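The values are calculated or read from the model by the stated rules, or taken from the named source; none is laboratory data. Predicted, not measured: the structure shown is a model, and the values here were computed from it. Cβ placement follows ideal geometry from the backbone for every residue including glycine, while neighbour counts extend to all protein chains displayed. Surface areas here come from the heavy atoms of the whole protein model, side chains and all, with no ligands, DNA or RNA. Shrake-Rupley method; radii C 1.70, N 1.55, O 1.52, S 1.80 Å.
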Amino acid sequence: MPIRHYATLHDYVQANRCVTDEYDDVPLELIEGNLPADLIGTLYRNGNGRFQHQRVWYDHLFDGDGMIAKFSFDGQSVRYRNRYVRTAEFVAEEQAGRMLYRSFGTNLPGGFLKNALKMQFKNTANTSVILHGGHMLALWEGGWPHRINPDTLETIDRYDYDGVLRNQFSWLDSRITPEMPFSAHPKLHPKTGVLHNFGTVAGTKQRLVLYEVDPQGKARIAQAIDMADMTFAHDFVLTESGHQVFFLTPVAFDMPRALAGITSPAASIRVNRANPTLVLVVDPVGTIHRLTTDFCFVFHFVNGYLDPTNPSMLIVDGLMLGDYPESAAMKAYLAGNLPDDQPSSRFVRYRIDLARQTVTHEPLAYYEGELPEIHPDRVGRPYRYTWSIGRPLTHTMPLFDHIVKIDVQTGEGKHRGDPETLPSEPIVVPKPGSTAEDDAWLVYLRFHAPSQTTDLLVADAVDLQTVARLRLPHNIPLGFHGLWLPERVKTAVPTLT
Ligand SMILES: [Fe+2]
């Protein structure tokens with residue numbers, strides 16, 4: 001009698017096993033279904049490639065060295081390439097053969113004396129990848145972007161937008177934070193083509209710096225807004241109307257402790273649950289509105305827009321956590337343990353009334369989720385659907401092992417979870433000539449715990465059914481955020497150095 005193997009949590013976390021191989025456009029084996037002939041383009045995904053250096057394990061899920069995976073679809077086959085981002089810190093550690101840098105959630109081994117006053121952190125370049133203004137950039141919210149050759153995935157250089165990201169607030173500010181961060185969640189305005197982004201900058205003051213990059217790639221600082229604390233902000237909302245919405249939650253880094261090396265930045269985070277969340281809105285003419293809502297934490301927003309029936313009402317959909325997940329839980333997860341009572345993220349709709357200065361919120365759907373995606377043409381506009389990883393609230397498995405589709409107008413949801421698998425963020429690829437919002441494919445990675453294999457899936461965005469499944473030549477972590485380019489990139493790129 002065959003013995004059924006049930007995956008344990010330890011099997012699931014092998015989705016984060018370190019990648020040791022880099023492939024050059026190898027064809028993937030089709031093992032289920034058929035590739036759509038008109039699915040032509042390139043999927044890029046960025047994420048953690050490895051969680052250890054010289055057998056020293058990182059302490060946090062967010063600290064893995066950035067690796068970009070590229071999948072080229074020609075309508076008949078898919079070719080696969082992957083490369084680590086060669087940041088200066090990655091290269092230096094490879095050459096030294098040991099860990100040299102602290103990172104977001106990991107201090108150097110050896111305790112306080114090994115970390116004291118070490119203020120240079122590893123830029124892991126591991127969070128997202130964009131193409132804008134003629135540059136492909138690997139992004140990490142704690143530092144500068146890295147320019148990537150979109151054809152070869154070779155790392156070109158660190159990119160400061162012609163000096164715009166160099167801290168010039170004051171001499172002392174430039175010493176504390178020489179390189180101003182550029183978050184991993186920029187938003188492209190659907191009409192102007194301007195890329196909006198932000199960075200949280202520690203210094204003599206804590207600042208929320210707003211950037212704008214025109215379609216030609218020229219950047220400027222649009223505003224620098226003082227913050228009371230060094231708030232942990234990962235994402236924001238840009239509406240077609242030009243409103244920008246930030247949730248400055250009472251979750252903040254203790255910068256003196258982090259910079260002194262007493263703890264990692266992640267472990268320095270203080271959560272003040274008695275305080276409300278500051279909802280900061282920058283309107284199209286740059287006026288700042290400060291409103292409040294209940295204590296919460298939000299990693300990712302789904303979308304936001306100006307209510308077509310009320311010009312003072314902003315609708316903002318996000319994945320709201322009732323508490324901030326402790327740093328120690330991230331380390332436990334990487335070791336194959338999942339602490340009880342971890343906060344989970346629910347789909348929530350916020351209504352921000354700028355006339356009445358009120359913020360209300362209500363559940364959007366009876367699902368938990370993360371890494372939400374929408375149709376690319378609906379960013380900042382009224383929309384109907386979102387797709388994400390997640391699970392129905394009644395599901396007992398503690399990991400997000402389903403692909404979820406939410407109708408944000410009705411609150412109805414669909415979900416698909418294949419046995420003993422974990423999916424990545426599903427990227428939405430509209431079908432050529434489509435008009436319906438869900439007339440699209442989803443492309444995502446899926447890790448199968450019992451066999452320890454990773455597949456690339458194409459699914460129908462209407463019913464989540466698998467259209468095609470291809471096997472990767474090795475297991476790669478599911479990663480954070482990706483990008484679909486409808487046709488193969490032919491970008492002029494600078495000479496590699
Ligand atoms: Fe993110």
- [ ] Report yes if residue 349 is at negative phi, in a loop (DSSP other than H, G, I, E, B) and in contact (Cβ under 8 Å) with a residue 24 or more places away in the chain, otherwise no.
- [x] no
Task: Unique match (being surrounded by fewer than 19 Cβ atoms within 10 Å (Cβ to Cβ) and over 22 Å from residue 321 (Cβ atoms)) among 261, 199, 217 - done: 217
Task: Qualifying positions in segment 317-356 - farther than 22 Å from residue 63 by Cα, modelled with pLDDT of 75 or more, more than 19 Å from the chain's Cα centre (by Cα) and not basic (Lys, Arg) - done: 322, 350, 352, 353, 354, 355
Task: Filter result for residue 285 (open to solvent by 70 Å² or more (accessible area, probe 1.4 Å) and closer than 15 Å to residue 242 by Cβ) - done: yes
Open item on the list: Whether any residue in segment 398-407 is buried (at least 21 other Cβ atoms within 10 Å of the Cβ), under 21 Å from the mean Cα position of the chain (by Cα) and farther than 23 Å from residue 299 by Cα is what I want to check.
Closed with: no
- [ ] Could you figure out which of (1) under 26 Å from residue 334 (Cα atoms); (2) buried (at least 18 other Cβ atoms within 10 Å of the Cβ) isn't true of residue 97?
- [x] (2)
Task: residue 235 being out of contact with any helix residue (DSSP H, G or I) (no Cβ under 7 Å at 6 or more places or on another chain) and open to solvent by 20 Å² or more (accessible area, probe 1.4 Å) - done: no
Task: segment 469-484 - residue that is within 22 Å of the chain's Cα centre (by Cα) and part of a strand (DSSP E or B) and, of those, farthest from the ligand (Cβ to nearest atom) - done: 484
Task: Qualifying positions in segment 139-153 - open to solvent by 10 Å² or more (accessible area, probe 1.4 Å) and not in a loop (DSSP other than H, G, I, E, B) - done: 147
TODO: May I ask you to list the residues in segment 118-138 that are within 13 Å of the ligand (Cβ to nearest atom), surrounded by fewer than 24 Cβ atoms within 10 Å (Cβ to Cβ) and in a strand (DSSP E or B)?
DONE: 130
TODO: Provide a single number: the residues in segment 170-185 that are buried (at least 18 other Cβ atoms within 10 Å of the Cβ) and either out of contact with any strand residue (DSSP E or B) (no Cβ under 6 Å at 6 or more places or on another chain) or more than 15 Å from residue 142 (Cβ to Cβ) (or both).
DONE: 3
Task: Among (1) open to solvent by 20 Å² or more (accessible area, probe 1.4 Å); (2) away from the ligand (no atom under 15 Å from the Cβ); (3) part of a strand (DSSP E or B) - the single one residue 156 does not satisfy - done: (1)
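Here's the yes/no breakdown for (1) at pLDDT below 95; (2) crowded, with 19+ Cβ neighbours inside 10 Å; (3) of a type outside the set (Ser, Thr, Tyr):
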site: 446; (1), (2), (3): no, yes, yes
site: 463; (1), (2), (3): no, no, yes
site: 466; (1), (2), (3): no, no, no
site: 471; (1), (2), (3): no, no, yes
site: 482; (1), (2), (3): no, yes, yes
site: 490; (1), (2), (3): yes, no, yes
site: 495; (1), (2), (3): yes, no, no
Open item on the list: Among the residues that make up segment 459-468, is at least one of them within 13 Å of residue 36 (Cα to Cα) and under 21 Å from the mean Cα position of the chain (by Cα)?
Closed with: no
Task: Residue in segment 289-298 that is modelled with pLDDT of 95 or more and touching a helix residue (DSSP H, G or I) at 6+ places or on another chain (Cβ under 9 Å) present - done: no
Open item on the list: Between 200, 263, which is part of a strand (DSSP E or B), out of contact with any Gly (no Cβ under 7 Å at 6 or more places or on another chain) and within 30 Å of residue 330 (Cα to Cα)?
Closed with: 200
TODO: Quick one: which residue in 365, 355 is of a type outside the set (Phe, Trp, Tyr) and part of a strand (DSSP E or B)?
DONE: 365
Task: Of all residues making up segment 378-406, the number that are away from the ligand (no atom under 16 Å from the Cβ) and modelled with pLDDT of 95 or more - done: 12
